[in-house]
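The values are calculated or read from the model by the stated rules, or taken from the named source; none is laboratory data. Since we're looking at a predicted model, the values are computed, not measured. Positions of Cβ are generated from backbone atoms using ideal geometry, with glycine treated the same way; all protein chains shown enter the neighbour counts. All accessible areas refer to the heavy atoms of the entire protein, side chains included, with ligands and DNA or RNA removed. Shrake-Rupley method; radii C 1.70, N 1.55, O 1.52, S 1.80 Å.
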Amino acid sequence: YFEIRVAGLKQMLTVGSTQAGPDGMLPADLMTAIGQRAHALVDDQYRVFNDILLPALEKEKVRFVRRSDWTKEQDAWLRNYFENELMPVLSPIGLDPAHPFPRILNKSLNFIVSLSGKDAFGRNTGFAVVQAPRALPRLIRLPASLPGSGPYDFVFLSSVIHAYVDDLFLGMQATGCYQFRVTRNSDLLVEEEEAEDLLVALEGELSQRQWGEAVRLEVADNCPEQMWQYLMDVMNLKPQDVYQVNGPVNLNRLLAITDLVDRPELKYPTFTPRLPKIGQPSVDFFSALRERDVLMHHPFDSFAPVIEFLRAAARDPNVLAIKQTLYRTGTKSGVVDALMEAAKNGKEVTVVVELRARFDEEANIDLAEQLQEVGAHVVYGVVGHKTHAKMVLVVRREDTGLKHYAHLSTGNYHPRTARLYTDYGLFTADQAICKDVHGVFLQLTSLGKVSKMKHLLQSPFTLAKELHKKIERETDAAEKGKPGRIIAKLNALVEPEVIKALYRASQAGVSIDLIVRGPCSLKPGVPGISDNIRVRSIIGRFLEHPRVIYFGNAGSEPEVLLSSADWMERNFFRRVEVAFPVLDKKHRDRVIADLNGYLEDTAQAWLLQPDGTYQRAPTQPGAKGIQQKLMEEAGV
């Protein structure tokens, strides 16, 4: 958020922008409001960490041992660890005219040290900086054999450096040592229209990403004002950009504790996703899909059939071509392996790799180069528009001629996140849908006008327009006394025009339920404006990721769309996205049942109030959330 959103806002302030947003807030006012909200959130975050999580872990004999509580034996072991494992890779930098303030890597762990005394050259300007390489573990496990140590005792890297920092400055005394971290602008500034080769241009820009303008300073809350103000001035920041924290400056690195502690009873129970019939070894993919579509709901359904579909296509002598979009895939991906195998087997493999998938740019450049090396055709989509659609198209020669098979998804082709995120995927041999998919691929790889689609809605051309028409259809029905119904499950709802359309629908009497995991700029329950709109967010074991839209269709056959697009300006107008219908009634009923389950969830639901705050949904003891119910239905 700070690396991209706040950084962009700061750039607007730098150039003197006075353009107000849809809420009427000027950039300067918005920056102040963000600072107030973010400081409150960070304070609450560290309160939960110190007052709730650490005591709860300690009750389970998982301890983070403070320096003041180290035993003599622990102290001796840690000093030896410092001298042998840490000190050789630390490079303290004294600050004087010959040693200017060092470049601080984005979000790296650093320490500012105050010193007394003089060194061998008679120097001392008072301050030094110690940078901790990212390769160093942030958690150091104490041997359980040490007197006073428990089975799972850990010490923060920062505590060890604080304790022995004097050893880095021979003959001098460290009078203070305080951790800090700088967050920098990490948005890439590649001018796509001017780049002769987007891959080469991105490679050049990536090397500079870690050194963008500073946007935030996190510093230990016991750091003296003189020292944090010095850091603030060096980084060209303001007091509102400084966050004083009571604990490690990067709590995210503490996720390592889940792998370091072997206590299964303290973790979610392991589960094995359900393997759909189409994923069984005895089932022929293409024959099965000719009979009917297959809908999967991850992670309750295994992601394995997606990889097997690609492998089957790679090995089938009758398959002529495979086309696929890749946004995020992860490292050592079975999806990529299957595409490479297909190219080696002589298939016509075309892959649209989105090089600009934020923070995955480097991985996607490597991916593109690997695919090109084995003969796959790799393109980077359309200049000025990120390719965010999730599609696979397989072309196969059969007795009746060439036949197409497609897979469409709401989520990325990423095996790991498919176990952590909820998403829908649809296998289909419906030739009308496949023709639409083929048309999108033509737009991405070639040149030409917008092709007319029968089933797919596509950004930046038809998706926003058609969604507005469908919302207006529900509005017209309600105004005529017919039932109007809309349910939308999204990651974000911030686009002003679609919010206005939903407000008009509510005023006409349309019943609207929105399940929005992330940012939502619509305010529900406002008298006379959004009385008929309810907004909830489901927070559970899995990250809710699919985009699902339900329209009651004036009481006749309802319409269900699955999509890769959130309701944001960028998704509607600056990305290539698709929304696809669920045509099979059985599958449509399944998605509707899932939506109703999310609306009935009281165990994991938060309800958005008219004032923009969230309240936990009232719940009964023992109530099960929708995710738990879906896991049980899947038999996992």
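Return the only residue of K482, K470, K489 being touching a residue at least 60 places away in the same chain (Cβ under 8 Å), charged (D, E, K, R) and part of a strand (DSSP E or B).
Working: K482 fails: part of a strand (DSSP E or B); K470 fails: part of a strand (DSSP E or B).
Answer to the selection: K489.
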- For region 334-353, indicate whether the set of residues that are under 20 Å from A304 (Cβ atoms), open to solvent by 10 Å² or more (accessible area, probe 1.4 Å) and part of a loop (DSSP other than H, G, I, E, B) is non-empty. no
- Message: Residues that are small (G, A, S), more than 30 Å from L146 (Cα to Cα) and assigned to a helix (DSSP H, G or I): does region 37-56 have at least one?
- Response: yes
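Within region 391-404, count every residue that is of a type outside the set (A, V, I, L, M) and either within 15 Å of G439 (Cβ to Cβ) or surrounded by 24 or more Cβ atoms within 10 Å (Cβ to Cβ) (or both).
Within region 391-404, the first condition is being of a type outside the set (A, V, I, L, M), and the residues that meet it are 396-401, 403-404.
In the following step, the residues that additionally are either within 15 Å of G439 (Cβ to Cβ) or surrounded by 24 or more Cβ atoms within 10 Å (Cβ to Cβ) (or both) were identified as 404.
Qualifying residue count for the region: 1.
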- Note on the structure: Of the residues in region 258-268 that are surrounded by fewer than 16 Cβ atoms within 10 Å (Cβ to Cβ) and closer than 15 Å to F64 by Cα, the one that is nearest to the chain's Cα centre (by Cα) is T258
- Item | Residue within region 558-578 that is under 19 Å from the mean Cα position of the chain (by Cα), among the hydroxyl-bearing types (S, T, Y) and over 27 Å from Q324 (Cα atoms) present | no
- Residue that is most open to solvent (accessible area, probe 1.4 Å) [pool: residues in region 1-40 that are hydroxyl-bearing (S, T, Y) and within 27 Å of V498 (Cβ to Cβ)]: Y1
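Here's the yes/no breakdown for (1) in a loop (DSSP other than H, G, I, E, B); (2) hydroxyl-bearing (S, T, Y); (3) more than 24 Å from G597 (Cβ to Cβ); (4) open to solvent by less than 20 Å² (accessible area, probe 1.4 Å):
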{"position": "K449", "(1), (2), (3), (4)": "yes, no, yes, no"}
{"position": "K452", "(1), (2), (3), (4)": "yes, no, yes, no"}
{"position": "H455", "(1), (2), (3), (4)": "yes, no, yes, no"}
{"position": "Q458", "(1), (2), (3), (4)": "no, no, yes, yes"}
{"position": "A464", "(1), (2), (3), (4)": "no, no, yes, yes"}
{"position": "A477", "(1), (2), (3), (4)": "no, no, yes, yes"}
{"position": "G525", "(1), (2), (3), (4)": "yes, no, no, no"}
{"position": "G528", "(1), (2), (3), (4)": "yes, no, yes, no"}
- Every listed condition ((1) within 21 Å of P151 (Cβ to Cβ); (2) open to solvent by 50 Å² or more (accessible area, probe 1.4 Å)) holds for Y81 save (2)
- Query: What about T331, is it within 23 Å of L289 (Cα to Cα), open to solvent by 10 Å² or more (accessible area, probe 1.4 Å) and within 28 Å of the chain's Cα centre (by Cα)?
  - Reply: no
- Out of region 547-596, which residues are part of a loop (DSSP other than H, G, I, E, B) and either open to solvent by 20 Å² or more (accessible area, probe 1.4 Å) or closer than 21 Å to V440 by Cα (or both)? S556, E557, P558, S564, A565, D566, M568, R574, V582, L583, D584
- Message: For region 481-515: of the residues being more than 21 Å from M568 (Cβ to Cβ) and modelled with pLDDT of 95 or more, which is most open to solvent (accessible area, probe 1.4 Å)?
- Response: Q507
- Would you mind stating whether E58 is open to solvent by 20 Å² or more (accessible area, probe 1.4 Å) and touching a residue at least 60 places away in the same chain (Cβ under 8 Å)? no
- Identify the residue in region 602-636 that is over 17 Å from P524 (Cβ atoms) and of a type in the set (D, E) and, among all such residues, is least open to solvent (accessible area, probe 1.4 Å). E632
- Checked region 126-143 for anything modelled with pLDDT of 95 or more and in a loop (DSSP other than H, G, I, E, B); matches are L142, P143
- Starting from residues that are closer than 16 Å to I365 by Cα and not β-branched (V, I, T), keep the ones in region 325-336 and report whichever is modelled with the highest pLDDT. L326
- Note on the structure: Filtering helices (runs of 4 or more DSSP H) wholly in region 229-323 for at least 3 residues that are at pLDDT 95 or above gives 304-315
- How many of the residues making up region 374-427 are assigned to a strand (DSSP E or B) and hydroxyl-bearing (S, T, Y)? 6
